[in-house]
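The values are calculated or read from the model by the stated rules, or taken from the named source; none is laboratory data. Just so it is clear, the model here is predicted, and its values are computed rather than measured. Cβ placement follows ideal geometry from the backbone for every residue including glycine, while neighbour counts extend to all protein chains displayed. Quick note on the areas: whole protein, heavy atoms, side chains included, nothing else; ligands and nucleic acids left out. Shrake-Rupley method; radii C 1.70, N 1.55, O 1.52, S 1.80 Å.
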Amino acid sequence: MEIASKYNPAAVEDKWYQYWMENKFFHSVPDEREPYTIVIPPPNVTGVLHMGHMLNNTIQDILVRRARMTGKNACWVPGTDHASIATEAKVVDKLKKAGIDKYDLSREEFLKHAWEWTDKHGGIILEQLKKLGASCDWDRTAFTMDEPRSESVIKVFVDLYNKGLIYRGVRMVNWDPAAKTALSDEEVVYKEVQSKLYYLKYKIEGEDGFVTIATTRPETILGDTAVCVNPADERFFSLKGKRVLVPLINRSIPIIEDDYVDMEFGTGCLKITPAHDINDYEIGMRHNLPSIDIFNDDGTLSEKAEMFIGQDRFAVREAIIPELEKAGNLAKIEDYNNKVGYSERTHVPIEPKLSAQWFLKMEELVKPALENVMNDNIRFHPAKFKNIYNHWMSNVKDWCISRQLWWGHQIPVFYLTDGSFVVAETAQQALDLAKTKTGNPNLTSADLRQDDDALDTWFSSWLWPISVFDGIRYPDNEEIKYYYPTTDLVTAPDIIFFWVARMIIAGYEYRNELPYKNVYFTGMVRDAQRRKMSKSLGNSPDPLDLIEKYGADGVRVGMLLCSPAGGDLLFDESLPQQGAGFATKIWNAFRLVKNWEISAEIPQPEHSKLAVEWFRNKLAETVETLDQQFEQFRISEALMTVYTSVRDEFSGWLLEMVKPAYQQPIDAKTYAEVVELFDQMLRLMHPFMPFITEEIWQMLAERKAGETIMLSQLPKVEKYDTELLAAFENVKEAISGIRKIRTDKNIAQKETLELKVQQGDKGFEAQFNSVVIKMGNLSSLEMVTEEVKGAASFLVKSTNFYIPLGGFVNVEEELKKLEEELKYTRGFLASVLKKLENERFVNSAPAAVVATERAKQADAEAKIKVLEERIAGLK
């Protein structure tokens, strides 16, 4: 078999992905096995792959592939989200470039454009995930606006309405003037900004005096309906019952008293604009104040403002100051830092606005969802996110679920001409209900008008773990009963409220059960300067370019090399480069093994037999470690366990120990055992590096058509000999000591050496002598009872190893080295004795800890004795 000298990811990856797809290895159907289920956090349908997706989906794929290899029926459901605000904004922008205004179109015409856009750009990201090696069950690909998911959303709305949990109300909402829609509190991002604090004078009606208020938003004075002071503020007792005039428009408004006013802030007088501030709105409700909405939906001033009509709110902020100054109403301006809410999607400052919206009552719904996270029925990894979850769920507000958008699920509320309404899943059901409600059998569909608004995108994705198995429409179907609850969720902490919490709420409401058992929170992918990766900063590499350059396996390893759960990943291109280097290391190990000539005539050497026995035990220890790391979701650590096991133990030690001499064959028994161990190592690597492991596994031994490493069994935990493993660490140390002397003395590996061993109570493992002779290229290994004069030497525990070097040894250099080692060991012993002389430590520390310190003392004292003897021997 001709094996390429270099591993070529581009040739390998497409070949094996196609093979997996053709053989439907990713597909799952319910059977008698234990299910393992993950639902993908659905990316925006028109999105493209970014570094966050790469990290998230790499972790999901590792979990799914590992589950398959433990015999579970693994099902990873892919899909996309319709992303109302983001997608509608893109379609509106596209139409605008074509000279078409959204509002010149009917809803149906606009939706036709939106579906065209979605069909053209949708699903690109899922195709890109295939390049990463994502083993999703693509036959199950779902979309939040496909028929099963849409019908599920509408069904849930009607159900919750009929349960009295959905209501319509006029409330102060977060308004996005760019998207022209209400937002939930969770869709608002607060940023610290440098503002101005404007001190404005309001004339007291019928008097010459003024009251002064301070505001960051002078444009909103046009909607003022009161000035408020604290009833305990003595400065303003004289103003009780009086009125003031709003600057520029001279509207007469009352001075009112309310405990809400902070006497220390600003001047102690507060302007009240109920239509444009949540706190003012609540004060207005308490004092029965009128509400004047001075803004249009796009953030321009309306006719109710009386001035600056049609101008943008921020332009008016600039324009109103000279007018106030001219009128004598501007007292002063100060610099001021404050927090301003921005739309998460459009990045414009939100506008508090009174609006009629649909809300979902949350107080009762959240209770089981909070309880079952706090009691660890649902486990968060890392657990620190429980505190954030607890705070939000304990202070949750009703969820504003309506959006003033056309792209999305149209709210299933149907209005009659008199303003009353019915709620139904279909227009026909609505008509039937309306006839019953009105007692008018002559009603037609023309008498009903469906609510124009769409539902919040999250109102569909909160059902995702249920709706992908059609469990809302058909709650007793075979799939929902088999795959639900799902096993693990992998997501980013920034959507813990938007999505994670709400899926848990929906799970308990519609299945009376948790939606998943574990939530693994990934960190944020940042650059080396800790900046969030973004297109605007130009610091985010294209993931597909990285895959082309370093291979999918290299990128997957690179993403995980420094990615602890919940901790930020500081990405640097050296990481996938290191991953690609690891792939090369594996490939070179494979080439080495497959290029050995095999002989059935020669017996297995003792050193090879010992090497294989050691590695079998090492492999068992590694499997146990990996199982523990996956159990605790320490996935980056699991990668490092595999990485070091392959690089150091397998390639660095096992293959070197069994490698035949130059141009000599290897015995058939050792070869077969090494191939079998290589097979086991490939299986451990496969979840992390699916492509190269499949390529090598297929060539390592004869395979039948339709066989694949991804359906082979992972090595299982077996008993291993800890004493043998500990002994072999001493052997490694001895071999490393011989290698160091060769390096220090510039002695070539082909030159044989003699080794003399003066055995102490620790550090010498006679049963592995054949390994030491082979690895050290020794002509002899001899036991001695006293120091060997003039030899280079090293220590393993309390055992002295000597290599006679004839005239090559420099006595002065050797003495200097030994004296430095003696000085260090004496210092180490002093620090141990200091601990042991501390009665408090000895009496209060666990017995095992004290015993460890006493063992350190004994080892150091023995080493000092040996070093002193060797120094004396050289003098």
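For a test of the definition: using alpha carbon positions, the gyration tensor, and the 1.5 limit on a/c, classify segment 697-757 as rounded, prolate or oblate.
Details: a/c = 4.66, a/b = 1.96, b/c = 2.38.
The shape class here is oblate.
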Rounded to whole angstroms and listed largest first, the alpha-carbon spread of segment 1-99 along its three principal axes comes to 62, 43, 24
With label points set 7 Å from each Cα along the Cα-to-Cβ direction at residue 512 and residue 307, the distance between them in nm comes to 6.3 nm
Per DSSP, the loop-located GluC sites (Glu not before Pro) within segment 520-626 having at most 16 other beta carbons within 10 Å are 573, 597, 601
As straight-line cross-link partners of residue 386, the qualifying lysines (C-alpha separation under 18 Å, not fewer than 8 residues apart within one chain) are 367, 517
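Quick one: plug the Kirkwood hydrodynamic radius of segment 271-322 (C-alpha pairs) into Stokes-Einstein at 4 °C, 1.567 mPa s, and report D in µm²/s. Show your work: numbers first, answer last.
Details: Rh = 11.7 Å.
Translational D for this selection: 110 µm²/s.
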Reduced to Cα centres, the span from segment 766-793 to segment 322-383 in Å works out to 74 Å
Expressed as a percent, the accessible surface of segment 173-313 that is carbon or sulfur, using a 1.4 Å probe and the full set of protein chains, is 47 percent
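So, with a 1.4 angstrom probe, what is the percent of accessible area on segment 340-405 that is carbon and sulfur?
Working: 1410 of 2890 Å².
Heavy-atom surface of segment 340-405 belonging to carbon and sulfur, 1.4 Å probe: 49 percent.
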Taking Cα atoms, the helix 84-97 axis meets the longest principal axis of the chain at an angle in degrees (rounded to 10) of 70 degrees
Reduced to Cα centres, the span from segment 12-80 to segment 169-183 in Å works out to 38 Å
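Over the chain, give the accessible area per residue in Å² for a 1.4 Å probe, as an integer. Don't skip to the end; give the middle numbers.
Values: 39730 Å² over 875 residues.
Here the residues of the chain average 45 Å² of exposed surface.
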One can check that the equivalent ellipsoid of segment 582-705, built from the alpha-carbon gyration tensor with semi-axes equal to the square roots of five times its eigenvalues, has lengths in Å, largest first, of 26, 17, 12
So residue 823 and residue 31, fully extended at 0.36 nm per residue minus their Cα-Cα distance, gain in nm 278.4 nm
Binned at 10 Å from zero, the C-alpha pair distances of the chain give percents of 2, 10, 15, 17, 16, 13, 10, 8, 6, 3, 1, 0
Computed for segment 353-472: size of charge dipole around the Cα centre, +1 on C-beta of each Lys and Arg, -1 on C-beta of each Asp and Glu, debye to nearest 20, value 420 debye
Non-local residues with an amide H under 5 Å from the amide H of residue 666, with H modelled 1.01 Å from N and Pro and chain starts lacking one, are 597, 598, 599
Projected onto their principal axes, the Cα atoms of segment 193-260 stretch, largest extent first, over whole-Å spans of 35, 26, 19
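How big is Rg to Rh over segment 104-188, alpha-carbon atoms, Rh as the Kirkwood inverse-mean-distance radius?
Numbers: Rg = 17.9 Å, Rh = 16.9 Å.
Reported Rg/Rh, Kirkwood definition of Rh: 1.06.
Starting from the Kirkwood Rh over alpha-carbon pairs, what translational D in µm² s⁻¹ does segment 474-519 have by Stokes-Einstein at 20 °C and 1.002 mPa s? Each step should come with its number before you reach the end.
On the way: Rh = 11.2 Å.
So the translational diffusion coefficient is about 191 µm²/s.
Helix-only estimate, please: 222 nm mean residue ellipticity of the chain, summing -39500 (n - 2.57) across DSSP H runs of length 4 or more and dividing by its residues, to the nearest 500.
On the way: 27 runs with 365 residues, N = 875.
Rounded to the nearest 500, it is -13500 deg cm²/dmol.
Assuming a ≥ b ≥ c are the square roots of the Cα gyration tensor eigenvalues, decide whether segment 391-530 counts as rounded (a/c under 1.5), prolate (otherwise, with a/b larger than b/c) or oblate.
prolate
Dividing the Cα radius of gyration by the Kirkwood radius, what Rg/Rh value follows for segment 817-872?
On the way: Rg = 13.0 Å, Rh = 12.0 Å.
In segment 817-872, Rg relative to Rh is 1.08.
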Per the Kirkwood formula over distinct C-alpha pairs, the hydrodynamic radius of segment 676-778 in angstrom is 17.2 Å
The helix 543-560 Cα axis meets the longest alpha-carbon principal axis of the chain at an angle in degrees, between 0 and 90 and rounded to 10, of 70 degrees
For segment 240-295, one quarter of the surface area of the C-alpha convex hull, expressed in nm², comes to 4.4 nm²
Here the Kirkwood hydrodynamic radius of segment 764-869, Cα-based and in Å, equals 16.2 Å
Nearest 10, in degrees from 0 to 90: the angle of helix 278-287 to the longest Cα principal axis of the chain is 40 degrees
For segment 8-13, Karplus-derived ³J(HN,Hα) couplings (6.51, -1.76, 1.60; θ = phi - 60°; whole Hz; x for glycine and proline) come out as 10, x, 4, 6, 7, 5
By accessible area (1.4 Å), largest first, 176, 447 order as 447, 176
Taking alpha-carbon centroids only, segment 731-761 lies from segment 398-414 a number of Å equal to 77 Å
Looking only at lysines whose Cα falls under 20 Å of residue 6's and that sit 8 or more positions away or on another chain, we get 15, 549, 585, 594
Sorted largest first, the Cα spans of segment 761-825 on the principal axes come out in Å as 33, 29, 22
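Based on the inverse mean of 1/r over its pairs of different Cα atoms, what is the Kirkwood hydrodynamic radius of segment 516-600, in Å?
Details: mean 1/r = 0.0672 Å⁻¹.
Hydrodynamic radius (Kirkwood, Cα only) of segment 516-600 equals 14.9 Å.
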Per the rule of 0.36 nm per residue minus the C-alpha distance, extending residue 855 to residue 495 adds in nm 124.5 nm
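Normalized C-alpha radius of gyration of segment 141-285, against 2.2 N^0.38 Å?
On the way: Rg = 21.5 Å, N = 145, 2.2 N^0.38 = 14.6 Å.
Relative to the rule-of-thumb radius for its length, segment 141-285 sits at 1.47.
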